[in-house]
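Novice: Pasting a structure here, questions to come.
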Amino acid sequence: TNLANRDIVAECGALLLQAAQLAHVAVLARRAAAGVVGTMATTLTVYLGMWPAYYLLQVGDSRYYVYNQGTLRQVTRDQTVAQDLVDLGAMTRSAARRTPMAHVLSSAIGADATAPVVHKLASDWGNVHLLCSDGLTKHVSDARVAEVLGGMTGARAACEQLVADALAGGGTDNVTVVVGRTEPKDGG
């Protein structure tokens, strides 16, 4: 079974990419069948844990962060026109946050362009995982997110606090927040 498990782990990235492409085609077909003029699209961030690794699939500007030992790190890259301009050196990060292009997607499921990205990362018992929509990141600073995750007593309470912070900060978009951590079966 150990060899079979290695084969499954090796295939995870390819299967996630294939699933994202199938979802993209399904949304395009649904848009055509419904006669929708313009774009019908969504962002997607998926976490799949298979110890000792985990996989992330991301399309659009929903994000994945990992918090560990007091440090919050954004792993995913926003697939927006503003981020593309930052990457090209045509815009600064601070200007990108303030421009309307910060929320214009350059890639999304069902959009004209989709470019799913898969990351394979090593698991760590100290990781706290955060998947979120831009409704959170528009209104809550990374410093505040780190503060909440660093002091969390449970995933539900952390999610509720982050959503409350986003709503108190303006709440101009939907706010989706998922927080979790992996715990050993033996509790140690």
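The values are calculated or read from the model by the stated rules, or taken from the named source; none is laboratory data. Remember, predicted model here, so these are calculated numbers, not experimental data. Note: ideal-geometry Cβ built from the backbone for every residue, glycine included; neighbour counts use all protein chains shown. Accessible surface areas use protein heavy atoms only, side chains included; no ligands, DNA or RNA. Shrake-Rupley method; radii C 1.70, N 1.55, O 1.52, S 1.80 Å.
Novice: Apply the a/c threshold of 1.5 to the C-alpha gyration tensor of segment 11-78 and tell me whether it is rounded, prolate or oblate.
Specialist: Numbers: a/c = 4.64, a/b = 1.86, b/c = 2.50.
Because a/c hits 1.5 or more and a/b fails to exceed b/c, segment 11-78 counts as oblate.
Novice: Check which residues have an amide H placed less than 5 Å from Thr76's amide H, if you skip close sequence neighbours.
Specialist: Hits under the 5 Å cutoff: Tyr64.
Novice: If you don't mind, there's one more thing I want to ask. Tell me, what ³J(HN,Hα) does each residue in segment 59-70 have, in order and in whole Hz, if you take phi through Karplus 6.51 cos²θ - 1.76 cosθ + 1.60 with θ = phi - 60° and put x for Gly and Pro?
Specialist: Running phi through 6.51 cos²θ - 1.76 cosθ + 1.60 with θ = phi - 60° gives 9, x, 10, 6, 10, 10, 10, 10, 10, 8, 6, x Hz.
Novice: Something else now. I'd like the distance between the alpha-carbon centres of segment 45-103 and segment 136-188, rounded to an integer number of Å.
Specialist: Rounded to whole Å, the Cα centres lie 16 Å apart.
Novice: So, one more: For the chain, what is the relative contact order in percent, using Cα pairs closer than 8 Å and at least 6 residues apart in sequence?
Specialist: Numbers: 312 pairs, mean separation 41.6, N = 188.
Value for the chain: 22 percent.
Novice: Quick one: 3J(HN,Hα) in Hz for segment 28-44, Karplus 6.51/-1.76/1.60 with θ = phi - 60°, rounded, Gly and Pro as x.
Specialist: Karplus-based 3J(HN,Hα) across segment 28-44 equals 4, 5, 5, 4, 5, 5, 7, x, 6, 8, x, 9, 10, 9, 8, 8, 8 Hz.
Novice: What does the charge dipole of segment 7-124 about its Cα centre add up to, to the nearest 20 debye, if the Cβ of each Lys and Arg holds +1 and the Cβ of each Asp and Glu holds -1? Before the final figure, lay out each step's value.
Specialist: Working: 9 positive and 8 negative charges, 72 e Å.
Dipole magnitude for segment 7-124 comes out near 340 debye.
Novice: Also: May I ask for the percentage of alpha-carbon pairs in segment 1-150 that lie more than 28 Å from each other?
Specialist: Values: 3142 of 11175 pairs.
Here the tail beyond 28 Å accounts for 28 percent of pairs.
Novice: Could you derive backbone 3J(HN,Hα) for segment 126-142 from the dihedral phi with the Karplus parameters 6.51, -1.76 and 1.60 (θ = phi - 60°), listing whole Hz in sequence and x where the residue is Gly or Pro?
Specialist: Listing the rounded values in order: x, 6, 10, 9, 10, 10, 8, 8, 5, x, 7, 6, 5, 10, 10, 6, 4 Hz.
Novice: Just the accessible area per residue of the chain, please: how many Å² with a 1.4 Å probe?
Specialist: Values: 10410 Å² over 188 residues.
Solvent-accessible surface per residue comes out at 55 Å².
Novice: Using a 10 angstrom cutoff on alpha carbons, build the Gaussian network for the chain and name the most mobile of Gln69, Gln18, Gln161.
Specialist: In this elastic network of the chain, the residue with the biggest mean-square fluctuation among Gln69, Gln18, Gln161 is Gln69.
Novice: OK, next. Carbon and sulfur atoms: what percent of the 1.4 Å accessible area of the chain do they account for?
Specialist: Values: 5790 of 10410 Å².
Within the chain, the accessible surface is 56 percent carbon and sulfur.
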